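Before any comments, here is the structure.
The values are calculated or read from the model by the stated rules, or taken from the named source; none is laboratory data. It should be emphasised that the depicted structure is a prediction, and the values quoted were computed from it without experimental measurement. Positions of Cβ are generated from backbone atoms using ideal geometry, with glycine treated the same way; all protein chains shown enter the neighbour counts. To get the accessible areas, we keep the full protein, side chains included, count just its heavy atoms, and leave off ligands, DNA and RNA. Shrake-Rupley method; radii C 1.70, N 1.55, O 1.52, S 1.80 Å.
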Amino acid sequence: MTKSFKTFLKHTAKDYHNQSVNPPVVRASTIIFKSMQDIRKTQNKAKKDPTGGHFDYGRQGTSTTHVLQKILTKMEECHHVFLTPTGFGSVFLAIFSIVRPGDEIFVVDPVYSPTRLLTQDFLKEFNIKTVFYNPHDLNTLEKNINKKTKLIFVENPGSNSFEFQDLGKIVSIAKKHKLITAIDNTWGTPYFLKPIKLGFDMSIVSATKYYSGHSDVMGGSLAVNKKVFKQVQLTDKVTGLRLGPDDAYLITRGLRTLDVRLDRHEENAKKIAGFLSKYKNIKLLYPYKKDSFNFKMWKKYYSGASGLMGLRIKSKNKNSVIKFVNSLTLFGYGYSWGGFESLALHQELREQGNRKYLNLAKDEHLVRLHIGLEDPKDLIEDLRKSLKHIK
Ligand SMILES: Cc1ncc(COP(=O)(O)O)c(C=O)c1O
């Protein structure tokens, strides 16, 4: 990310009219006009310029949501950004904008579990077939593409097991076979990876995570290119999946410091990874070991790494691994990561999807850490003491 973008995040959207550095929250169900002529004028503008923030009904948004859309459109370097009330709402919007009964879609196997539930089980009800692909076997993915295939849905890195895929190859396979591509880019955000520039048609970020950054708001963004804009616009209209202005305000406020926070999450996570790499019973699921395929793929496409990582821990005693997690004092236990604070979870990965390619041994256990903005020396000390419990 260029220096000028960091400056843009600090200076954009100042409101000189209201004399506030951050634009105020505009809450409206009725968008009020002075005359019928004014209503028609706005509606005509909306037709000519559908991304220009011309509203005649509260569900379409207000100036508060439009400010956030403009910032994210610039950050994603895309045609438009749709906002949804949760990150998962953006996953739903992306998929339902594209697939229709009779279609087939490809979804990466280590996908976020609600996305798995949607694609594996719910889509069946609409006669839509999902094929889960191995993130490191794109040749089989290409071989299985057929006339019914419509969409490739990527999440990078893989949820909880952190596989980094060859994103450029996925885009070129999709272009060759005229398929639409979507990626869940919540881990990297467009601060570290710009999927639309890379050739993806749609890019999802859960704004609940790093955008808001303070673990107290939910939201989602779906960035699109021109090719899919109209399809997504129609689905966005008929589902009514829109973000409210109070949440939009908080996310915009969070974005002011996105670069500062992500740079620090990365710095801290690298220090923790360096410390953990000395333990022979721990394999890191984080782009750290330079000779690994995952590291190469991360390096090829990303300009940085965020604070979420996995640990493969070898131990014949599962309870001792849980005791390690429970003994941490500076890591909270909770699922939604991306806030300023550190989190830890013991994971039952064998219950999530296929994941055969992980070759997880019986005596291997998975722990997920979100490395927050605390002093890394304190986090390392906390980990050092707690790791002693592993037998
Ligand atoms: C990769 C990924 N995508 C999407 C989501 C869903 O986001 P939200 O919690 O905002 O619905 C999550 C939440 O954990 C996630 O980790």
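Scan segment 229-250 and tell me whether some residue there is open to solvent by less than 30 Å² (accessible area, probe 1.4 Å), within 16 Å of the ligand (Cβ to nearest atom), under 18 Å from residue 53 (Cα atoms) and outside any loop (DSSP other than H, G, I, E, B).
Yes; the residues of segment 229-250 include at least one that is open to solvent by less than 30 Å² (accessible area, probe 1.4 Å), within 16 Å of the ligand (Cβ to nearest atom), under 18 Å from residue 53 (Cα atoms) and outside any loop (DSSP other than H, G, I, E, B).
Which members of segment 253-271 meet the condition of being open to solvent by 10 Å² or more (accessible area, probe 1.4 Å) and in a helix (DSSP H, G or I)?
Passing the criteria: 253, 260, 261, 263, 264, 266, 267, 270, 271.
Scan 92, 5 and give me the residue that is modelled with pLDDT under 95, of a type in the set (Phe, Trp, Tyr) and touching a helix residue (DSSP H, G or I) at 6+ places or on another chain (Cβ under 9 Å).
Matching residue, one of 92, 5: 5.
Confirm whether residue 221 is surrounded by fewer than 19 Cβ atoms within 10 Å (Cβ to Cβ), small (Gly, Ala, Ser) and within 16 Å of the ligand (Cβ to nearest atom).
Answer is no for this residue.
Going residue by residue through segment 341-354, is there one that turns out to be open to solvent by 70 Å² or more (accessible area, probe 1.4 Å) and touching a Lys or Arg at 6+ places or on another chain (Cβ under 9 Å)?
Among the residues of segment 341-354, not one is open to solvent by 70 Å² or more (accessible area, probe 1.4 Å) and touching a Lys or Arg at 6+ places or on another chain (Cβ under 9 Å), which makes the answer no.
I'd like to verify a number: residues in segment 55-104 that are within 16 Å of the ligand (Cβ to nearest atom) and either in contact with a Phe, Trp or Tyr (Cβ under 6 Å, 6 or more places away or on another chain) or within 20 Å of residue 117 (Cβ to Cβ) (or both), how many?
13
Suppose we filter 182, 174 for residues that are more than 23 Å from residue 259 (Cα to Cα), within 13 Å of the ligand (Cβ to nearest atom) and either of a type in the set (A, V, I, L, M, F, W, C) or surrounded by fewer than 24 Cβ atoms within 10 Å (Cβ to Cβ) (or both); which single one remains?
Testing whether each residue is more than 23 Å from residue 259 (Cα to Cα), within 13 Å of the ligand (Cβ to nearest atom) and either of a type in the set (A, V, I, L, M, F, W, C) or surrounded by fewer than 24 Cβ atoms within 10 Å (Cβ to Cβ) (or both) leaves just 182.
Please state which of the following conditions residue 350 fails to meet, knowing it meets all the rest: (1) part of a helix (DSSP H, G or I); (2) over 22 Å from residue 364 (Cα atoms); (3) at pLDDT below 95.
Failed condition: (2).
Which one of these does residue 160 not meet: (1) away from the ligand (no atom under 16 Å from the Cβ); (2) modelled with pLDDT under 95?
Result: residue 160 fails condition (1) only.
For residue 318, only one of the following conditions fails: (1) touching a His at 6+ places or on another chain (Cβ under 7 Å); (2) within 16 Å of the ligand (Cβ to nearest atom); (3) not aromatic (Phe, Trp, Tyr). What is its number?
Against the list (1) touching a His at 6+ places or on another chain (Cβ under 7 Å); (2) within 16 Å of the ligand (Cβ to nearest atom); (3) not aromatic (Phe, Trp, Tyr), residue 318 comes up short only on (2).
Identify, by number, the condition in (1) assigned to a strand (DSSP E or B); (2) under 22 Å from the mean Cα position of the chain (by Cα); (3) of a type outside the set (Val, Ile, Thr) that residue 365 doesn't meet.
(2)
Can you confirm whether residue 135 is within 16 Å of the ligand (Cβ to nearest atom) and over 15 Å from the mean Cα position of the chain (by Cα)?
The answer is yes for residue 135.
What single numbered condition from (1) closer than 20 Å to residue 256 by Cβ; (2) of a type outside the set (D, E, K, R); (3) in contact with a strand residue (DSSP E or B) (Cβ under 9 Å, 6 or more places away or on another chain) fails to hold for residue 79?
Residue 79 satisfies every listed condition except (1).
May I ask you to list the residues in segment 310-340 that are assigned to a helix (DSSP H, G or I) and open to solvent by 100 Å² or more (accessible area, probe 1.4 Å)?
Result: 319, 323, 326.
Scan 306, 315, 386 and give me the residue that is modelled with pLDDT of 95 or more and closer than 23 Å to residue 187 by Cα.
Among 306, 315, 386, only 306 is modelled with pLDDT of 95 or more and closer than 23 Å to residue 187 by Cα.
Sort out for me the strands (runs of 3 or more DSSP E) sitting completely within segment 57-160 that have 2 or more residues that are open to solvent by less than 10 Å² (accessible area, probe 1.4 Å).
Fully inside segment 57-160 and qualifying: 80-84, 104-108, 149-155.
Go through the residues of segment 272-286 one by one and say whether even a single one is touching a residue at least 12 places away in the same chain (Cβ under 8 Å), within 16 Å of the ligand (Cβ to nearest atom), within 30 Å of residue 331 (Cβ to Cβ) and surrounded by 20 or more Cβ atoms within 10 Å (Cβ to Cβ).
yes
For segment 199-211, how many residues are more than 9 Å from the ligand (Cβ to nearest atom) and either over 26 Å from residue 178 (Cβ atoms) or of a type in the set (Asp, Glu) (or both)?
Residues meeting the conditions: 3.
Can you tell which of 227, 194 is among the basic types (Lys, Arg) and touching a residue at least 60 places away in the same chain (Cβ under 8 Å)?
Unique residue meeting the criteria: 194.
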